[in-house]
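**Q** One structure coming up, written as structure tokens, with questions to follow.
Values in this text are rule-based calculations from the coordinates and carry no lab data. Since we're looking at a predicted model, the values are computed, not measured. Glycine gets a Cβ as well: all are built from the backbone with ideal geometry, and neighbour counts include every protein chain shown.
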Amino acid sequence: MPIAATPTPPAALPGRRQLLRAGTALLAGSTLGWAPAVRAQGIASAAPAELGLSPQRLSRIGDWLRAEVAAKRIPGAVVMVLRRGKVAYVESVGNRRPDAATPMAFDDIFRIYSMTKPIVSVAAMMLVEEGKLLLEAPVATYIPAFANVKVGVEKTDAAGNKTLDLVAPLRPMTVQDLLRHTSGLTYGFFGPGLVKKMYVDNNVGTRGELSNADFAELIAKMPLAFQPGSTWDYSNATDVLGRVIEVVSGQTLGAHLKQRLTDPLGMPDTSFYVPEAARQARIAEPFADDRTIGVGAVVGDPRQVQKMESGGGGMVSTAPDYARFLLMLRNGGQLDGRRYLSPRTVEYMTSNHLGPQVLRTPLYLPGPGYGFGLGFGVRTQAGEAGSIGAVGEYNWGGAGGTAMWVDPASDLITVFMMQSPKQRVLYRPILRNLVYGAMTEMK
């Protein structure tokens, strides 16, 4: 049953983790439901009805997730819904691990994979605001190995065999291209093509034995799949952006994000690796037969510290941590009196950066009705997409099953955490429709 919100004087509030775990114990690991009696990592809460949401309709989310756990399609999940800057709904279901009866807690740790990209993109734009990084600058300005990159152009010979010609790019790859996935770089496991096959054959993925600097040098030796600026294609671009941040800042990517974003924002469990035993115990795990995230790629182990800190998909986080990051963006770049970005920069990042001249590959992940900004998919049409939403909403998800979106028109934030690569595509529109179905007021 739902729990009514209980006002607590700020001075009397216990520590975040103790409070969340007390709520977990109270409900036998099931849910806090609507109007949570907790402050999720310093974020105020309110009863759903006060925020234009139906508690009865929100309860459908928990009912759905519990049924999925009972059917053994997922081990467990955490969902948070914020409206008007306050937590309206928090739900944790199932178990942290499929091989242990440990109830999922609200601050359990998940591999967020590509939800790392928005965090790294924000860090890059902070450097842009400081005049240390230029969006129009060629990537080779920061990583000289990209000065000699070539574009792979497929041709078919008389016998019908495909060959690859290497030609000079029509213009340099820019930092903006990295942020909006128009760099010409690619992921080998997304779709056909000779360049993509070369990525697979040469094991060009996020490789833990390489440093970010080594990985950037490796990928610069590969041909581009497209002319820079011509085509949106999901890629290792944000990994390269992470190396650009290292060059500009003089720090490792992890150290820079910790100093500039995760520590100041109050995101203690957001990092590239989890070497501490106490935190390792809180890592959520998928089913043994649900660990494949791509061709030849499986769910990794963040307990093992490696050299590479993948800006494109290497971080872990929690629902409360990520909610604070999104709340900062919702607030126009500031949180708790500290500013990270200007409101104009946030608006710029969450605008569509794909003009009509930019082609979309067949596997265009933002989907119908969406463009792409600087680190986010951006909704450009109220209709067209297969799930409910509003123009201006921005979102992204991770290969391990996590997802998030911010809808400024509805003043709505949703964070979803699970570890199930198999269910990620199916669950995201279901969750969207359930959340929007609970709205009773438009704003």
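**Q** When the Cα centres of the stretch 177-252 and the stretch 289-308 are compared, how far apart do they sit, in Å?
**A** Their Cα centres are 18 Å away from one another.
**Q** Assign one of three labels to the stretch 259-361, namely rounded, prolate or oblate, based on the Cα gyration tensor with a ≥ b ≥ c the square roots of its eigenvalues; rounded applies when a/c is under 1.5, prolate when it is not and a/b is larger than b/c, and oblate otherwise.
**A** Oblate, since a/c reaches 1.5 and b/c is not below a/b.
**Q** Another question, if that's okay. Modelling each spin label as a point 7 Å along the Cα-to-Cβ direction, I'd like the residue 336/residue 263 distance in nm, to one decimal.
**A** 1.4
**Q** Next up: What relative contact order, as a whole-number percentage, does the stretch 36-162 give when Cα pairs under 8 Å and 6 or more residues apart are counted?
**A** Normalised by residue count, the contact order of the stretch 36-162 is 15 percent.
**Q** Can you tell me, using C-alpha contacts under 8 Å and at least 6 residues apart, the relative contact order of the chain as a whole percent?
**A** Relative CO of the chain lands at 20 percent.
**Q** For the chain, find the longest principal axis of its Cα atoms and tell me its angle to the long axis of helix 319-330, 0 to 90°, nearest 10.
**A** Between the helix axis and the principal axis of the chain, the angle is about 70 degrees.
**Q** So, one more: Can you give the local net charge around residue 60? Use residues other than it whose beta-carbon is closer than 12 angstrom to its beta-carbon, Lys and Arg +1, Asp and Glu -1.
**A** Net of charged neighbours comes to 0.
**Q** Once you list every other residue whose beta carbon is under 10 Å from the beta carbon of residue 301, what net charge do they have if Lys and Arg are +1 and Asp and Glu are -1?
**A** Net of charged neighbours comes to +1.
**Q** Computed from the coordinates I sent, Cα Rg over 2.2 N^0.38 Å equals one of [x] 1.15; [y] 1.60; [z] 0.97. Tell me the label.
**A** Correct label is [z].
**Q** Per DSSP helix of 4 or more residues, -39500 (n - 2.57); summed, then divided by the residues of the chain. What does that give at 222 nm, rounded to the nearest 500?
**A** My calculation for the chain gives -8000 deg cm²/dmol from helical runs alone.
**Q** Rounded to the nearest 0.05, what FRET efficiency is calculated for residue 387 and residue 443 with R0 set to 22 Å and r the Cβ-Cβ distance?
**A** 0.65
**Q** Here's a follow-up. So if each residue of separation counts as 0.36 nm, and I subtract the Cα-Cα distance between residue 433 and residue 218, what length gain in nm does that give?
**A** Contour length minus Cα-Cα distance gives 73.2 nm.
**Q** Can you tell me how the stretch 321-443 classifies by the Cα gyration tensor, rounded, prolate or oblate, using a/c under 1.5 as the rounded cut?
**A** Verdict is rounded for the stretch 321-443.
**Q** Now for a separate question. With each label point set 7 Å from Cα along the Cα-Cβ vector, what nm distance links residue 363 and residue 347?
**A** Taking the simple label geometry, residue 363 and residue 347 are separated by 3.6 nm.
**Q** Between residue 140 and residue 303, how many nm apart are label points set 7 Å from Cα along the C-beta direction?
**A** Placing both labels 7 Å beyond Cα along the Cβ direction yields 4.6 nm.
**Q** What does the charge count near residue 312 come to, summing +1 for each Lys or Arg and -1 for each Asp or Glu among other residues with Cβ under 10 Å from its Cβ?
**A** Around residue 312, the surrounding residues sum to 0.
**Q** What is the calculated FRET efficiency for residue 251 to residue 281, with r their C-beta to C-beta distance and R₀ = 45 Å, to the nearest 0.05?
**A** 0.95
**Q** Continuing with the same structure: For the stretch 346-360, list residues with backbone N below 11 Å from a point placed 7 Å from the Cα of residue 170 toward its Cβ?
**A** Zone members listed by number: 357-359.
**Q** Please give the FRET efficiency for residue 162 paired with residue 54, using the beta carbon to beta carbon distance and R0 = 45 Å, rounded to the nearest 0.05.
**A** About 0.20, to the nearest 0.05.
**Q** While we're on this one: Place the peptides 302-309, 127-134 in order of packing, highest mean first, counting for every residue the other Cβ atoms within 10 Å and averaging per peptide.
**A** So the order, starting with the most tightly packed, is 302-309, 127-134.
**Q** OK, next. Order of 392-399, 74-81, 136-143, 332-339 by packing, highest average Cβ count within 10 Å first?
**A** Result, highest mean Cβ count within 10 Å first: 74-81, 392-399, 136-143, 332-339.
**Q** Another question, then. Highest first, please rank the peptides 272-278, 56-62, 317-323 by the mean number of other Cβ atoms sitting within 10 Å of their residues.
**A** Order by mean packing, descending: 317-323, 56-62, 272-278.
**Q** Counting other beta carbons within 10 Å of each Cβ, put 187, 364 in order, fewest first.
**A** 364, 187
**Q** A follow-up question, please. Run the numbers on the stretch 119-264 and let me know its relative contact order in percent, using alpha-carbon pairs under 8 Å that are six or more apart.
**A** Rounded, it is 30 percent for the stretch 119-264.
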